[in-house]
Amino acid sequence: MSSTTESLNALLASLGQAFDKIPGSAVLVRYVKSSHQNDPGRTVLEVILIIFAIFTLLQSRTRGNDGRHFIKFEDKEIDELVDEWTPEPLAAPLNAFEASDLAAVPIIVGHNGPKPTLARQPTKMIANLASYNFTGLAGKEVIKERAIETLRKYGLGSCGPPGFYGTLDVHMTLERDIADFLGTEAAIIYSQGFSTISSVIPAFCKRGDIIVADRGVNFTIQKGIQISRSTVRWYDHNDLKSLEDVLDSVEKERKKRRGPLTRRFIITEGIFEKDGAMIDLPKLIELKYRKKYRLILDESISFGTVGRTGRGLTELYNVPATKVDILIGSMANGLCAAGGFCAGSQHVIDHQQINGPSFVYSASMPALLAVSASEGIDILRSSPSILTKLQQNIRVARTILDELDCISVPSHPASPIIHLHIRKPTPTLLHPSSAVSAGHSLKPSNPTSVLPREAVNWDWDTDAEERALQQVVEEALRRGVMITRAKRLRGQEMVEARPSIKLALTSELSTDEVKKAVKVVAQALKDVLRK
Amino acid sequence: MSLFSKRTATSPVTSYLSAFSKNDPHAVDDESSTPASSLSSSTTSDSEDTVIYDDDIDNADGLALPPRPPNSSEVFSTVHTEFGHCSNPKYRYLSQHTSGTSIPGHDDQNPEPPYYVLLSTYISYLLLICLGHIRDFVGKRMRPAAYRHLMPSDGYAPLNSDFDSFYTRRLKTRMDECFGQPVTGVAGRTIQILDRISPDFNHNQILTGSRTRALNISSYNYLGFAQAHGGCADAVETCIREHGVSTCGSRLEGGSSNLHVLAEALVAKFMGMEDALISSMGFATNSTFIPALVGKGCLVISDELNHASIRFGVRLSGAQVRMFKHNDMDALEALLREVISQGQPKTHRPWRKILVIVEGLYSMEGTLVNLPAIIELKKKYKFYIWVDEAHSIGALGPHGRGVTDYFNIPPRSVDILMGTFTKSFGSAGGYLAGNKDLIDSLRIRGHSGAYAEAMTPPVLTQVVASMASIMGIATPTMTRFDSSSTLQPSEAYHHPGPAPMSTLPTWLCLPPHLADGSEGTSRLRRIAFNSRYLHQGLIKLGFITYGHPASPIVPLLIFNPGKMNMFHRLMKDRQTPIVVVVVAYPATPLVSGRVRFCVSAAHTKEDIDTILRACDEIGDVLDIRHGVRPRWTIDQVCARALDLVQLS
């Protein structure tokens, strides 16, 4: 017994000697002694802290390998489990409606334009109200000639990301053209319109930052917000009063928590892709300055379609584009080329050049598409009559559609895309945005939930409406007008949008042609929906 | 610096022209194919890049003209600056896996540099970081105005805080001259860079207005289809006249054209799968279609070096992710055994499905995925495989069909083949190929179908034309049936065979050398030769390289951050300027900064010689040769290229 005590003592003594030999150990000992003398409780606390630190360090950082939940198996057991496991099929096959939907997608033969030829065409085409050819740039010979010239100088692909010899002089010219056109300091181009904003948002919004976003934002903004991992608060669709309330509640929350100052963003669209509603930009800008937020504005639909020369909402409302901190637009929609852009201050643009994932990790846009976009801007700039014509066609279409009692139109009167919802016979079920005024909910919606409070009152039958609208689409096509339902990813959207038909107007059709085409659509709607 | 001084000029134009006639034994008796006419056959005379041998061509850099003038038996249809002239049948190689040989992993083939190199690299970074912090500390006090955008002001948090942007400001800015270099013209065998200078330590780059033509070993132009002239470009021109520039809308709404349908059918045939879909952006092909396949309750097992687009897509999908060590099949199996036996975290429910995502060829390492091993594992562990062939499609395999072709694995043993058209096809966008049900489901449920713009007609045409050139077009042979005497064109497609006529647009008219697939085959053989030659040459010269010898991506390790700048500049300022891509942390681990060569079929053997010579000279100056001994001299390497290629 005593021999063990002796050997233990000897061991302790040798350990003590070894400890003394470590340089700086004396300082440590003195520190521990004096701190213990001053406050014995502190020693306990420090010991606990050290144990906690070691424990944290030892814990595995990856998820899944969590020690508490890990069950130890023998090799044989694992083999059995592996044998037993049957995975689901990789993708569920399409249901009957999806399959027929896919089969019904119109296939254009040759040139797309106001009156294209379709692969399965029942009758002579009167008008195409489905494709995004708002200002008719798709058919411009001068653009084609410039594209061919560019092809002969640059080939087609750029064969590299912008960082590694993929930045062409024509890309820089296009960036300059966009910045000049909008009146911002700089611009940056992405090679796909859809992937632009979902890359811009995570470039700026990080974990801990605050995003206040409209409940009706499009799918790619939702994805951008999701990937940013920022704190999100939602305000009612296109409702600036609700926005102000949410901004106030966020500020209150921050003051309560005494949190640090983080980046704060308002994210919304100029003209909403989901329903064609338009925001009141001057008020929004006044609000964002007052509350010290930055504004990320998606003008994918409004750029190239509204304003005197198609500069978008900033031109329409006569607000300098520099007041929008981060402005996103689409050259694919507005200029009939390809890709998207982000315009803003030099800092905003420079930051994306190394932080925008789909900019950095993607090949740059083919040269001829960039030149086509530049040429498109030139045309818009020099001929405001195109935009006048487009707006005139929109008015003509709206006059006819607004008179129909079987549908409701949530879109703004100047929006180049016009959404048509089925109107229920009972007057209580109006479009969601008007539900608030109908007195359904006086309490504001919960900002942390993307679903608005009145969502409980939404009782439309999505499947039935989709089917009815598809019938309308097919009926219209039989009579020579190509239109489309707004295609949605059911089950993947944060808020299920109400089924709608989406008309895309174009300046290429004459007023009479638009009148005729929209009347065909109206007749098809009446015929199908009154059944 | 003797390296900056120009070496003696290679063949000046006058001597070149006189050599031209001497070198032409067929000139007298075969007047029908004079070289001048064959060279200009497919080029338009008004173009800037046209190389007809005029007196005013400046060949001081040795790039505009081939070192040896062609004789009349050699008919070249390409412009030498876009696609190099090389008619020597010896400089060809078949890209194919020899069955029975092992497939190198990642670690077991990478030689380690001496310790002093690692140490000095760490010290370099440490020094840079310390200096950066000192400059920030002093700068914030001396010149607050310059830091205002990094500090909270007026109630706004900075868009980009000083801490977040430290790496960019203090490390990357120092080597900004290597990044974002603007260029013009075709990214072919050579490329024209827009010269720029920086008066203020890389904060601003100013274009001087002049251009320099440089040998391009940086673009992803594996098969050399980045061309402004030739059959593919002609097809694109026809297409722009017929179809315009845009299809105006998403695939499901108003932007589908018959060109999409044709191209998708052709892509499916090329890959040997049932069906395929096309997306207008390569990045989006991963980032918008992965979420349509996996979600909550699913597991994605991803190689640790997978591309950012895959990570982006997986993060959007909401599926759990686990990573395994790069290309390490034992680690993959161990992980599979763990995750299948444990099930989902906490609940221990079985996973709904497991998707293993790997790349065919890794863009920073040049490693080739060990696909045969993964297919074996799949049989036991029942996971699904998604192979991202962004870099391998077209560049690998005897028929250019990617890793499955290289390993001679039936493509349908992989569930989804993903790839891009940016690289080997000189186009843009990406594809997914799989069985019909799967692809149809992705068409409806992938984000791109409903919302993203469809691929534009010119881009589609480039895909179709270049793909048809690789495959060759089947001449509709008439088969006689026993029962009746009617003749019917046979349209059956046998993978990997030539493309049936019915899968091509009727207006597509390729020149004979492209239509019969002979040039496609020659391109495949050329890139295989060039890749192996550069790879083995660098090793013999004593450099440390990564990757598989068959890979057209050849990373050469430089280690120290300071040397990367120098390497880039020394290569660019040579008599024959060469542009290279250098990659450092965070794209690579801290200590393995590298230069990445991307070999192309457009390069000639002489071009690879030029690059090897340049590396040989610069390697001594920068002390970056830490590889194997015994080494060969540069002249030995160039002379014994054919032996080198046969190695390994």
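Accessible area per residue, 1.4 Å probe, Å², for region A:156-382: what's the number?
Values: 6470 Å² over 227 residues.
Normalised by residue count, the accessible surface of region A:156-382 is 28 Å².
Taking 0.36 nm per intervening residue step and subtracting the Cα-Cα distance, what contour gain separates A:F73 from A:V44 on full extension? Walk me through the intermediate numbers first.
Values: separation 29, 0.36 × 29 = 10.44 nm, distance 3.94 nm.
Residue separation times 0.36 nm, minus the Cα-Cα distance, leaves 6.5 nm.
List the residues of region A:491-529 whose backbone N lies under 14 Å from a point placed 7 Å from the Cα of A:D405 along the Cα-to-Cβ direction. Zone members listed by number: A:526. Taking all protein chains together and rolling a 1.4 Å probe, A:E46 ends up with roughly 60 Å² accessible.
Separation of region B:397-469 and region A:117-190, taken as the distance between their Cα centroids, equals 23 angstrom. Straight-line reach only, C-alpha to C-alpha below 18 angstrom: list the aspartates and glutamates that A:K206 could link to, leaving out same-chain residues fewer than 8 apart. Qualifying aspartates and glutamates at Cα under 18 Å: A:D325, A:D350, B:D162, B:D164. Ordered from longest to shortest, the equivalent ellipsoid semi-axes for the protein assembly as shown are 46, 45, 31 Å, each the square root of 5 times a Cα gyration tensor eigenvalue.
Its alpha carbons considered, chain B gives a radius of gyration followed by a Dmax of 26.1, 95 Å. Our analysis of chain A gives Rg over Rh at 1.13, with the two radii drawn from alpha carbon positions and Rh computed by the Kirkwood formula.
If both residues of a DSSP beta bridge must be in chain A, then about 50% of such bridges are antiparallel. For region B:137-216 and region B:276-328, compute the distance between their C-alpha centroids and round to whole Å. Each part's Cα centre sits 31 Å from the other's. Measuring r between the beta carbons of A:T123 and B:L207 and using R0 = 41 Å, the FRET efficiency lands at 0.15.
Along the Cα-to-C-beta direction of B:S502, a point sits 7 Å from the Cα; which residues of region B:240-262 have their amide N less than 14 Å from that point? Residues B:262 qualify, since their backbone N sits under 14 Å from the label point. Split chain B at each of the chymotrypsin sites (Phe, Trp or Tyr not before Pro) in a DSSP loop with at most 10 other beta carbon atoms within 10 Å, and the longest piece is B:202-480. Straight Cα distances below 18 angstrom link B:K540 to the lysines B:K605, with same-chain residues fewer than 8 positions distant left out. Taking the centroid of alpha carbons for each part, region A:324-373 and region B:562-608 are 27 Å apart. Its alpha carbons considered, region A:156-382 gives a radius of gyration followed by a Dmax of 17.0, 57 Å. Taking the charge dipole of the protein assembly as shown about its Cα centre, with +1 at Lys and Arg Cβ atoms and -1 at Asp and Glu Cβ atoms, the residue from B:G402, A:T511, B:V387 reaching farthest to the positive side is A:T511. Pairwise Cα distances in region B:257-456 exceed 32 Å in 11 percent of cases. Annotation: amide H of A:I407 within the under-5 Å range of A:R423, sequence separation 5 or more or interchain, hydrogens built in the peptide plane.
Ignoring ligands, DNA and RNA, what percent of the 1.4 Å accessible area of the protein assembly as shown is carbon and sulfur? Summing carbon and sulfur atoms, their accessible area is 56 percent of the total for the protein assembly as shown.
Per residue of chain B, what 222 nm ellipticity follows from adding -39500 (n - 2.57) for every DSSP H run with n ≥ 4, rounded to the nearest 500? Could you put the intermediate results ahead of the total?
Details: 19 runs with 222 residues, N = 648.
After summing the helix terms and dividing by residue count, I get -10500 deg cm²/dmol.
What do you get for the angle between helix A:2-21 and the principal long axis of chain A? Use alpha-carbon atoms, 0 to 90 degrees, nearest ten. Computed tilt is about 60 degrees.
Think of region A:220-287 as a dipole: +1 on every Lys or Arg Cβ, -1 on every Asp or Glu Cβ, centred on the Cα centre; then among A:L261, A:I221, A:A277, A:L261 lies furthest on the positive end. Excluding ligands, DNA and RNA and using a 1.4 Å probe, chains B and A jointly bury around 10200 Å² of accessible surface, summed across both partners. With a 1.4 Å probe rolled over the protein heavy atoms of all chains, the accessible area of B:L259, A:L45 falls in the order A:L45, B:L259, largest first. R0 = 41 Å: FRET efficiency of A:D248 with A:Q17, Cβ-based, nearest 0.05? The computed FRET efficiency comes out at 0.05.
Want the number for A:K526 to A:N446: 0.36 nm per residue separation, take away the alpha-carbon distance, what's left? Can you show the working numbers first?
Details: separation 80, 0.36 × 80 = 28.80 nm, distance 3.82 nm.
Stretched fully, the A:K526-A:N446 segment lengthens by 25.0 nm.
Can you tell which of B:Y362, B:Q342, B:A373 lies farthest toward the positive end of the dipole of region B:299-385, using +1 and -1 charges on the Cβ of basic and acidic side chains (Lys, Arg; Asp, Glu)? The Cα lying farthest towards the positive end belongs to B:Q342. Just so you know, the Rg over Rh for region B:121-178 is 1.02, from Cα atoms, with Rh as the Kirkwood radius. Considering only beta bridges that DSSP places wholly inside region A:149-270, some 0 percent are antiparallel. A cut-off under 11 angstrom between Cβ atoms defines the neighbours of A:A186, and their net charge, with Lys, Arg +1 and Asp, Glu -1, is -3.
Loop-only trypsin sites (Lys or Arg not before Pro) in region A:179-277, please: DSSP not H, G, I, E or B, and at most 16 other Cβ atoms within 10 Å. Please list the in-between numbers first.
On the way: sites: A:K206, A:R207, A:R215, A:K223, A:R229, A:R233, A:K241, A:K252, A:R254, A:K255, A:K256, A:R257, A:R258, A:R263, A:R264, A:K274; in loops: A:K206, A:R207, A:R215, A:R229, A:R258, A:R263, A:K274.
Sparse-neighbourhood loop trypsin sites (Lys or Arg not before Pro): A:K206, A:R207, A:R229, A:R258.
Shielding value for A:167-180 is 2, the average number of Cβ atoms from other chains within 10 Å of each residue's Cβ. What nm distance separates the two modelled labels at A:L28 and B:H494, each placed 7 Å from Cα along Cα→Cβ? In this crude label model, A:L28 to B:H494 measures out at 7.6 nm. For the pair A:L261 and A:Q37, label points projected 7 Å from Cα toward Cβ lie 4.6 nm apart.
With r as the distance between the Cβ atoms of B:V138 and A:D280 and R0 = 41 Å, compute the FRET efficiency 1/(1 + (r/R0)^6) and round to 0.05.
Efficiency at R0 = 41 Å is approximately 0.30.
Using 31 Å as the Cα-Cα cut-off, could you pick out the over-long pairs in A:K252/B:K346; A:K76/B:K353; A:K241/A:K502; A:K283/A:K424? Where the Cα-Cα span goes over 31 Å, the pairs concerned are A:K252/B:K346; A:K283/A:K424.
The values are calculated or read from the model by the stated rules, or taken from the named source; none is laboratory data. Please read these numbers as outputs of a predicted model, since none were measured by experiment. Cβ sites come from the backbone with ideal geometry, for glycine too, and all protein chains shown count toward neighbours. With ligands, DNA and RNA removed, areas are computed over all heavy atoms of the protein, side chains included. Shrake-Rupley method; radii C 1.70, N 1.55, O 1.52, S 1.80 Å.
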